[in-house]
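A short reminder: the numbers here are calculations on the coordinates, not readings from a lab. Please read all numbers here as calculations on a predicted model, not as lab measurements. A quick note on method: Cβ atoms are made from the backbone with ideal geometry, for glycine too, and the neighbour counts reach across all protein chains shown.
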Amino acid sequence: MEKILLLGDEAIAQGAIDSGMSGMYAYPGTPSTEIMEFVQRSEVAKERNIHRKWSANEKTAMEASLGMSYAGKRSMVAMKHVGLNVAADVFMNSAITGVNGGLLVAVADDPSMHSSQNEQDSRYYGRFALIPILEPSNQQEAYDMSYEGMELSEKYNLPVMIRLTTRLSHSRSAVVRMAMRDENEISYPADPIQFVLLPSNARQKYKVLLDKLAELRKISDDSKYNTYFEGKDKSMGIIACGIGYNYLMENYSNGQCPYPVLKIGQYPLPTNMVKKIDEECEKLLIIEEGYPMVEELLRGFLNKEKRVHGRLDGTIPRAGELNPNIISAALGKGNGKTLQIPKIVANRPPQFCSGCSHKDVYEALNETMKQFSSDQRVFSDIGCYTLGALAPYKSIHTCVDMGASITMAKGAADAGVRPAIAVIGDSTFTHSGITGLLDAVNENTPITVIISDNSTTAMTGGQQSSAYAKLEDICIGIGVDPDHVRVFTPLKKYHEEMVKVLEEEIEYEGVSVVIPRRECIVTLTKKKKDKKKKANTEV
Amino acid sequence: MKTDIILAGVGGQGILSIAATIAMAALDNDLNIKQSEVHGMSQRGGAVESHLRVSDKPVASDLIPIGQADIIISVEPMEGLRYLSYLSDEGWLVTNSKPLINITNYPDMDELNTEITKIKNHIVLDSDKIALQIKSPRSTNIVMLGAASPFIDIPYKSFEIGIKKIFGSKGESVVQLNLDALKAGREYAEAHIPVGSN
């Protein structure tokens, strides 16, 4: 069959489409965004009318995905690692309810925090929920695991996690597809109380889940994604998880590692294979992208034998993404001398685009804040506007989790801080800001919320924002006084006006929402280009 | 054969189009490919890189080990130097000479040129100027690809096929502009490869 070039993310999407998926749900987040974007571009998805619209956040996405599964159809939900924190409630409980139609949870972790607030390892969540985890090492496996993961999910009546990391998500390679499957017909779960987690039911369902664990371990030993490669040199055995296997094999140009190697692509860990490598080898090296999860399990709390090596004993750095050189050093092979990077090479951090509306907002905010003490702080959030923490603006002082700007400003206001100001984006506001604003409204807490509305989800590439054309209605609807919902256009020529509005609303002893609204310059330029292209082709 | 390529530039300069074109050209020759790219935050005007590995044998790692890159293609003169630790002793630096200055502490151009010329194998060209000359100012990136193409063990025709595949959706005229850019870059490099170099 024809080879196609796909990113790891795209391979996941193609695999799910080919497996007969009827719906995909997601909120954009690097490095997972391209999964949904691929489904949105797919001709087949269009023909089959596979659901492929963005959700307000990861929790609503996963709940909708579970609803489609309840209806007997196959679905997938995708998110970045920290998005799983948002979806954690439904995620944990979906393991206890089980599924009806196949349900894949594709989670992309971001070790080294290329575009994230932390490098948490989603495998812990999979283990926590007691569900199978598939972890591809390459794009073909990503495709296969997505395709076959649907079956696995239906066979064991459980959601299945596919765990990716940045490097595979955003790396392209050739993939061969399998035959397209038909979609499922609508069918309700045979057991009408399967999804009713009342305590009496939940206890039963939890036991059903626990009873599956032995079988899940057994299928891991039989899985084609877990492979034992024999090796002559038994002084060490290597367990390499996911993409870690690639970095190991990069160090053996002939494709032959002298040590026994256990390649892991499916969890729970395969008991017999792990026992075998432990018995055969004098010591073990664990190579895993993310946290030392397998390593910690195998070495145990007391680490009496000191035979297990990896991130915990410093053989591999405790934090950050792996690469072939880190593994080379861990294997004792070292790395040769390389050319020196000249000292004159300067850092080039990301920055606001020329013409970005956030810049005008921060100019106005900085001017407004001058009248307060020089130690004034502003709470903020996650998006392009977080770049306002860097020079030259240095306008904001927090970036913690989606929506936290509003609630942290509220807490600070409760502590007596004046003014208490939050800066949040439109998409982040509808993701997780609304409930925090409601808290403030209910207590009439004196906070000023600036929703810097560029009418898109910009940082991840300009996806549709759930907030589009709804912000004032939402704020007034949950009880913000309409006189204190102020909208203006952030442009240099309106600078004085913006400062005046900010001053007035900061002075107000209650909840006010200021909405500077101007479309993201990137999406605007793209729209103009597309329009021109369309006009040209129509002529 | 094996060619490991680092692509360097600033977010928005089109290094991903270069990478995609080479990958298509490699696929046309039934070669194995792994091409890793940077998405997300750094695309906003920050330093971006892409690792591209092409081989007739299976490629293990998505990332190139340090000291093993055969070529660094840089669309910006300082950015290529950022990844020098990846370049092998015999590797080529093919770089644009036109700086993109969006930071306050951008180094002095003379010092930058001194560092570039210290590298054993290097080709420096003003690809912005060349792109302007052929009336395709937005094809700077493909001029760079053309200049690097003699060092990639893939037939020239395959790069043309790659361009048709990558830019095909943007219309015939865009394809032609990029084919012109590829050719202009190639011709520059062929005229400027020092005699006796490999």
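In the structure displayed, which of A:K275/A:K304; A:K53/B:K170; A:K155/A:K207 lie more than 20 Å apart, Cα to Cα? Intermediate results must be reported in sequence, preceding the final value.
Working: A:K275/A:K304 17 Å; A:K53/B:K170 25 Å; A:K155/A:K207 18 Å.
Checking Cα-Cα distances, A:K53/B:K170 exceed 20 Å.
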In sequence order, what are the phi-derived ³J(HN,Hα) couplings for segment B:125-136 according to the Karplus relation 6.51 cos²θ - 1.76 cosθ + 1.60 with θ = phi - 60°, rounded to whole Hz, with x for glycine and proline? 9, 8, 6, 4, 5, 4, 4, 5, 4, 8, 6, 9
Largest-first semi-axes in Å of the equivalent ellipsoid built from the Cα gyration tensor of the protein assembly as shown are 39, 38, 26
Please list log₁₀ I(q)/I(0) at q = 0.14, 0.15 Å⁻¹ for segment B:2-192, using the Debye equation with identical point scatterers on the alpha-carbon positions. -0.72, -0.84
What ratio of Cα Rg to 2.2 N^0.38 Å holds for segment A:357-523? 0.91
Just B:A131, B:A47, B:A147 to compare: in a GNM of chain B, with alpha carbon springs under 10 Å, which one fluctuates most? B:A47
May I have the count of lysine pairs in segment A:357-523 with C-alpha atoms under 15 Å apart, counting pairs 8 or more residues apart or located on different chains? 6
Roughly how many Å is it from the Cα centre of segment A:337-401 to that of segment A:460-481, as a whole number? 24
Two-site label geometry, B:M109 and A:K276: point separation in nm, points 7 Å out along Cα→Cβ: 6.4
The size of the Cβ-based charge dipole (Lys, Arg +1; Asp, Glu -1) of the protein assembly as shown about the Cα centre, to the nearest 20 debye, is 840
Segment A:227-330 shape via C-alpha gyration tensor axes, a/c threshold 1.5: rounded
Can you tell me which of A:272-278, A:177-183 comes out highest on packing, and rank the rest after it, using the mean Cβ neighbours within 10 Å? A:272-278, A:177-183
Which of B:P150, B:P107, B:P137 fluctuates most in a GNM of chain B (C-alpha springs under 10 Å)? That residue is B:P107
Distance between segment B:151-198 and segment A:1-77 - C-alpha centres, whole angstrom: 36
Hull surface over four for the Cα convex hull of segment A:48-134, reported in nm², is 6.0
Any idea which of A:V522, A:M408, A:S380 is furthest toward the positive side of the dipole for segment A:357-523, if Lys and Arg beta-carbons carry +1 and Asp and Glu beta-carbons -1? A:V522
If you average the alpha carbon positions of segment B:71-117 and of segment A:161-225, how far apart do those two centres end up, in angstrom? 48
Which of the DSSP-defined H helices in chain B satisfy a minimum axial length of 27 Å, computed from C-alpha atoms, and a minimum mean Kyte-Doolittle hydropathy of -1.0? B:172-192
Along the charge dipole of segment B:103-162, which of B:N105, B:T117, B:V143 sits closest to the positive end, that is, farthest toward it, with unit charges on the beta carbon of Lys, Arg, Asp and Glu (+1, +1, -1, -1)? B:V143
